[in-house]
Number of protein chains: 2
Amino acid sequence: MSGPVTLSDVARVAGVSLATASRAINGSATRTVRSELREKVLAAAAELQYAPNANAQAMARGQTTALGLIVHDIADPYFSSIAAGVTDAAESAGLMVTLGSTQHDPEREVALLQVLHRQRARAIVVAGGRHDDEEVNTALSRALASYRMAGGTVAMISQPVFDVDTVAIDNAESAGQLAQALVGRGYRQFAVLGGPKDHLTARERRDGFAAALAGQGLQVDDQDTIECAFTRDGGYSGMQRLLAGRTSAQVVFAVNDVMALGAMAAARDAGVEVGRGIGIAGFDDIATLRDVTPGLTTVQVPLVAIGALATNLALVHHEAPAQHGGLADAEHLTTRRDGTRLVRVPGSLVMRDSTPGPATSPARIS
Amino acid sequence: MSGPVTLSDVARVAGVSLATASRAINGSATRTVRSELREKVLAAAAELQYAPNANAQAMARGQTTALGLIVHDIADPYFSSIAAGVTDAAESAGLMVTLGSTQHDPEREVALLQVLHRQRARAIVVAGGRHDDEEVNTALSRALASYRMAGGTVAMISQPVFDVDTVAIDNAESAGQLAQALVGRGYRQFAVLGGPKDHLTARERRDGFAAALAGQGLQVDDQDTIECAFTRDGGYSGMQRLLAGRTSAQVVFAVNDVMALGAMAAARDAGVEVGRGIGIAGFDDIATLRDVTPGLTTVQVPLVAIGALATNLALVHHEAPAQHGGLADAEHLTTRRDGTRLVRVPGSLVMRDSTPGPATSPARIS
DNA sequence: TTGTATGCGTTATCAT
DNA sequence: ATGATAACGCATACAA
């Protein structure tokens, strides 16, 4: 009967006490152990293939080595890029990432938060836009508060609607710049694949786009603002509906890239050429876009860096975290009244071939 | 001074013993608690915002609720799709996924395995092709054996080169079918973007492709077999090199889709039209391909299902795991002599517009 | 049905 | 420098 190998076994084989074995293997901060004994302990550990029990260590130390990450869908390139940044930063800090996927269900988000709380994750990164749903937000807020009260730290990548450290993308402003750039290319008739009505990210992008157009005396017809899921398939079906109703839009703004990709596919399937026939623009600049033709006009968001930044924000308290391509500059970092930090990440316009300008130049604006 | 809320606190507030509180909150298998007391305990727990310490539970129960997942790169759509299947299946089993990313470094794979071992993860899924590197494989084999000896279970998504449950993709056979289909479309001159020399997945696909061609009296010139990284950028630079040397290839087989996407980009950048100018084919049918034009000819592999299957394989011992679109049929499931199971997953050909047939039909085969 | 007491594997405090 | 021993928070065998 072997059973699991414990530190006691190692100590016994090495002929030392439990305490000495612990110190030899871990290198206690205060105590030190004679190299002669250390060798013996290490040899015994190797011989027995001893692997320290991290759960027991967590108990004794009162601290785990896990970092939680909650995303909406890990297969979505938006989230998988963020996840890459998070795992990278976490592993640099000696932590492992515990991944939860909500499948776009806000209630699962709360449930996952509770699981990570029970796991005593050192910190939690929550990625993904918030919803305008009081009930869900209340539950989420409670779960967050409970976790933080127990000593956990949180960083969100979303709108700054909770009192936790937050990385917020400048959705409205960037969408506005995109609108202006499209106007600059000659477009005058716009449609918007707007995502779910109560999805805050979608709303900010919609509204920022519309506001900038309004500043130019332009607007999006109500019937040309399509409500749809925040996914690739949502973009596809939304575009289908748009094309079915005889729209006069020259260019379509999809509030994220995966939706824009769905829209491009729908256009192709309907025999409409993207670029010449109708313009399409997205938001995020997901990695996938490198291999899409025509190139999709979009707003570039440094997703991997944002993931790493959020991780460090959650890990490093009350000071500016390490640099992330300038993202954590004083310029973008503010400390709110409740002490939590907010980093605003600007997007940058990327004009590509999907919006070359309208085929037939419309009349000048009056 | 509050400090962390423990079960003792809940018990005290509820006016019951520790044991009763434990049973009320967990619902012990054998014992039961009077509903009156249970209510009181639950109320106390809610009032105190009690969250059970999963580490302590793990200690007491001798079992954790974590499942490890090791991938090469979570931002790669191949792995993020597998990860989606794994997280899905894991959460169905009440487990959380602990994610490790190797960044294509085999040594990190061993290190991550050890970390997950220390974490006492219930099971570990290792995804990603193996290398023909004895030193690395020995270290990995040791780490796997050590983990399994301690009671952990493992499933790999790769070549069946270790004695653990394995899901293996029929690389050689599928690549062969692809070759035949390309010949059927009239191609006679082939090039291969072959990935790293010692990468087994790449090798199997290369060799399967070449063998099928040989069966038709055809072959790939040595100078038309390009060695490159197993990534999108590897495919890009490989294709650049291929085009730089004046190749006479009519069609290029990239041993995975992300490489094929890189190759398509390189062709475009070089002014060569994919499809008419030169054919390109890939392998995997990653989700990204839906939005690529022209459509990429490839071998479809059910990645999400494979992730879920591997997870169940790791979780369910000594019997056939739940169905996964027929993947675990007796037809594909074999039990090896060492008792480990092997599921061979066939790929299925998907011919798309990237390989319409050669522009100029070559002379008939003699 | 409820309570008492022990053990899980490790760290850390205290002697020595 | 090393060794006993008491936590850490919970589950459970045993006693009542």
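The values are calculated or read from the model by the stated rules, or taken from the named source; none is laboratory data. All figures in this text were calculated on a predicted structure; none of them were measured in a lab. Quick reminder, even Gly has a Cβ in these numbers, built from the backbone with ideal geometry, and neighbours come from all protein chains shown.
At-a-glance table
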item	result
Enumerated helices (runs of 4 or more DSSP H) restricted to the stretch B:90-203, each holding at least 1 residues that are among the acidic types (Asp, Glu) and crowded, with 18+ Cβ neighbours inside 10 Å	B:106-118
Complete set of residues in the stretch A:220-258 that are in a helix (DSSP H, G or I), of a type outside the set (S, T, N, Q) and away from chain B (no Cβ under 11 Å)	A:Gly234, A:Gly238, A:Met239, A:Arg241, A:Leu242, A:Leu243, A:Ala244
The listed residue being away from chain B (no Cβ under 14 Å) and aliphatic (A, V, I, L, M), out of A:Val115, A:Val110, A:Val126	A:Val126
In the stretch A:1-16, the residues that are within 19 Å of B:Gln119 (Cβ to Cβ) and in a loop (DSSP other than H, G, I, E, B)	A:Gly3, A:Pro4, A:Val5, A:Thr6
Test set (1) free of Cβ contacts under 8 Å to residues at least 40 places away in the same chain; (2) farther than 30 Å from A:Gly279 by Cα; (3) hydrophobic (A, V, I, L, M, F, W, C) - A:Val167 fails condition number	(1)
For A:Asn26: the one exception among (1) modelled with pLDDT of 95 or more; (2) out of contact with any Asp or Glu (no Cβ under 7 Å at 6 or more places or on another chain); (3) within 16 Å of DNA strand C (Cβ to nearest atom)	(1)
Test: residue in the stretch A:303-319 that is modelled with pLDDT of 95 or more, under 30 Å from A:Leu242 (Cα atoms) and in a loop (DSSP other than H, G, I, E, B)	no
Hey, A:Ile124 among the hydrophobic types (A, V, I, L, M, F, W, C) and touching a Phe, Trp or Tyr at 6+ places or on another chain (Cβ under 8 Å) or not	yes
Among (1) among the small types (Gly, Ala, Ser); (2) within 26 Å of A:Leu113 (Cβ to Cβ); (3) assigned to a helix (DSSP H, G or I) - the single one B:Ala19 does not satisfy	(2)
Residues located in the stretch B:29-40, provided they are surrounded by 13 or more Cβ atoms within 10 Å (Cβ to Cβ) and either within 11 Å of DNA strand D (Cβ to nearest atom) or free of Cβ contacts under 8 Å to residues at least 24 places away in the same chain (or both)	B:Val33, B:Leu37, B:Arg38, B:Glu39
Unmet requirement for B:Ala89, which otherwise passes all of (1) within 30 Å of B:Asp284 (Cβ to Cβ); (2) in contact with a Phe, Trp or Tyr (Cβ under 8 Å, 6 or more places away or on another chain)	(2)
Boolean, B:Thr20 is more than 7 Å from chain A (Cβ to nearest Cβ) and away from DNA strand C (no atom under 15 Å from the Cβ)	no
The one condition in (1) in contact with a His (Cβ under 8 Å, 6 or more places away or on another chain); (2) facing chain A (nearest Cβ under 8 Å) that B:His72 fails to fulfil	(2)
Of the criteria (1) within 13 Å of chain A (Cβ to nearest Cβ); (2) crowded, with 16+ Cβ neighbours inside 10 Å; (3) within 16 Å of DNA strand C (Cβ to nearest atom), which one B:Ala14 fails	(1)
Every residue from the stretch B:43-88 that is closer than 24 Å to B:Leu315 by Cβ, within 11 Å of the chain's Cα centre (by Cα) and either outside any helix (DSSP H, G or I) or within 16 Å of DNA strand C (Cβ to nearest atom) (or both)	B:Leu69, B:Ile70, B:Val71, B:His72, B:Ile74
Boolean, A:Ala58 is modelled with pLDDT of 95 or more, more than 10 Å from chain B (Cβ to nearest Cβ) and crowded, with 16+ Cβ neighbours inside 10 Å	no
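Residues are listed down the side, and each one gets a yes or a no for (1) within 14 Å of another protein chain (Cβ to nearest Cβ); (2) over 21 Å from B:Leu67 (Cβ atoms):
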{"site": "A:Leu99", "(1), (2)": "yes, no"}
{"site": "A:His104", "(1), (2)": "yes, yes"}
{"site": "A:Thr138", "(1), (2)": "no, yes"}
{"site": "A:Gly152", "(1), (2)": "yes, yes"}
{"site": "A:Asp165", "(1), (2)": "no, yes"}
